[in-house]
């Protein structure tokens with residue numbers, strides 16, 4: 001069945017950008033989706049050795065207890081693998097809801113938007129700037 | 001198709017000519033709807049795909065909800081939505097993650113129709129998410145009822161959300177609700193969090209019989 005197939009293969013894309021991993025959540029998160037994301041990010045960290053992980057929630061509609069814990073787990077997992085995480089884009093309404101529910105992302109760095117998150121993750125040695133190729137050089 | 005498709009006409013009105021056709025075509029493709037009428041049980045899934053498409057073009061949540069409501073009216077062959085109908089009580093079966101997503105979408109539309117916005121809307125949606133997860137995770141199946149909450153004079157003041165299941169029940173309910181107990185699965189956190197963001201909360205549970213959680217969420221006074 002096409003619809004079920006679409007659901008079963010649906011995943012949040014993990015983007016490789018300036019030596020960082022960027023996860024931009026633009027859908028209503030489900031438990032299955034966030035669990036799959038954990039596995040995907042773990043794999044990408046091992047494969048790419050990024051300088052940081054940015055998770056942007058500006059397109060998410062809600063965060064409840066399970067989803068909050070899953071995102072925190074994701075950040076802690078990245079940290080254990082030597083990668084800093086910044087979560088960005090929480091709307092004021094979502095932030096208030098989380099605080100009142102007693103759910104916290106206190107162990108995780110946060111930023112107002114993805115732009116700030118990427119700046120925070122910059123190692124500052126220019127290593128994450130796009131590399132320009134000299135004539136004749138092939139950059140992979 | 002340009003003239004004959006009333007679905008396209010609705011979408012064009014809300015997102016313009018440029019975006020309407022792609023949204024419709026992609027949603028049809030994803031739900032596997034090629035010819036003829038869309039099967040009734042596919043309507044919810046189809047509308048969810050449409051909503052995903054709308055999200056790209058329409059920032060306003062209320063407008064998105066209105067567009068989806070119009071499409072749903074057409075697809076389900078009901079007559080034009082009167083305000084009273086838009087806020088009619090619904091009872092939803094919760095037995096899969098797909099139905100959880102459906103419930104969230106129905107709730108979003110109903111909340112918009114009732115006059116929810118901002119923080120109150122996010123809180124009510126979060127409650128729907130918590131309660132439907134509990135049903136799925138601990139009982140496997142159950143129902144979620146959404147209805148308008150009215151004051152003595154019949155004015156809508158908020159929403160009533162009732163989650164019922166016939167699952168194993170919660171043996172240590174008192175301990176959980178007192179905050180002394182934290183389960184590995186996060187059940188305590190979810191229920192206590194829910195209680196903290198609603199106006200009225202009641203839970204009854206009998207081991208072996210099932211659980212019923214009922215909440216009232218009011219919306220703030222709108223300027």
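The set of residues in the range B:103-132 being more than 13 Å from the chain's Cα centre (by Cα) and part of a helix (DSSP H, G or I) consists of B:118, B:119, B:120. The residue of the range A:34-60 that is nearest to residue B:132 (Cα to Cα), among those that are part of a loop (DSSP other than H, G, I, E, B) and touching a residue at least 40 places away in the same chain (Cβ under 8 Å), is A:58. Flag set for residue A:103, criterion: touching a helix residue (DSSP H, G or I) at 6+ places or on another chain (Cβ under 9 Å), in contact (Cβ under 8 Å) with a residue 24 or more places away in the chain, assigned to a loop (DSSP other than H, G, I, E, B) and buried (at least 17 other Cβ atoms within 10 Å of the Cβ). Could we say that residue B:123 is surrounded by fewer than 17 Cβ atoms within 10 Å (Cβ to Cβ) and within 20 Å of residue A:66 (Cα to Cα) here? Answer is no for this residue. Please work out which one of (1) away from chain B (no Cβ under 11 Å); (2) part of a loop (DSSP other than H, G, I, E, B); (3) surrounded by 18 or more Cβ atoms within 10 Å (Cβ to Cβ) is the condition residue A:63 fails and give its number. All conditions pass for residue A:63, except number (1).
Residue B:159 passes every criterion in (1) more than 16 Å from the chain's Cα centre (by Cα); (2) within 30 Å of residue A:95 (Cβ to Cβ); (3) at pLDDT 95 or above apart from (1). Whether any residue in the range B:184-198 is more than 12 Å from chain A (Cβ to nearest Cβ) and either free of Cβ contacts under 8 Å to residues at least 12 places away in the same chain or in contact with a strand residue (DSSP E or B) (Cβ under 6 Å, 6 or more places away or on another chain) (or both) is what I want to check. Checked the range B:184-198: no residue is more than 12 Å from chain A (Cβ to nearest Cβ) and either free of Cβ contacts under 8 Å to residues at least 12 places away in the same chain or in contact with a strand residue (DSSP E or B) (Cβ under 6 Å, 6 or more places away or on another chain) (or both).
The single condition from (1) modelled with pLDDT of 95 or more; (2) within 15 Å of the chain's Cα centre (by Cα); (3) surrounded by fewer than 20 Cβ atoms within 10 Å (Cβ to Cβ) that residue A:47 fails is (2).
Filter the range A:15-32 down to residues that are buried (at least 20 other Cβ atoms within 10 Å of the Cβ) and either in contact (Cβ under 8 Å) with a residue 12 or more places away in the chain or assigned to a helix (DSSP H, G or I) (or both), then give me how many there are. Even if it seems obvious, please write down each step before you answer.
Restricting attention to the range A:15-32, the residues satisfying the condition of being buried (at least 20 other Cβ atoms within 10 Å of the Cβ) are A:20-23, A:25, A:28-30.
Next, only the ones that are either in contact (Cβ under 8 Å) with a residue 12 or more places away in the chain or assigned to a helix (DSSP H, G or I) (or both) stay: A:20-23, A:25, A:28-29.
So the count comes out to 7.
The values are calculated or read from the model by the stated rules, or taken from the named source; none is laboratory data. Note that this is a predicted model, so its numbers are computed, not measured. Here Cβ is always computed from backbone atoms with ideal geometry, including for glycine, and neighbour counts include all displayed protein chains.
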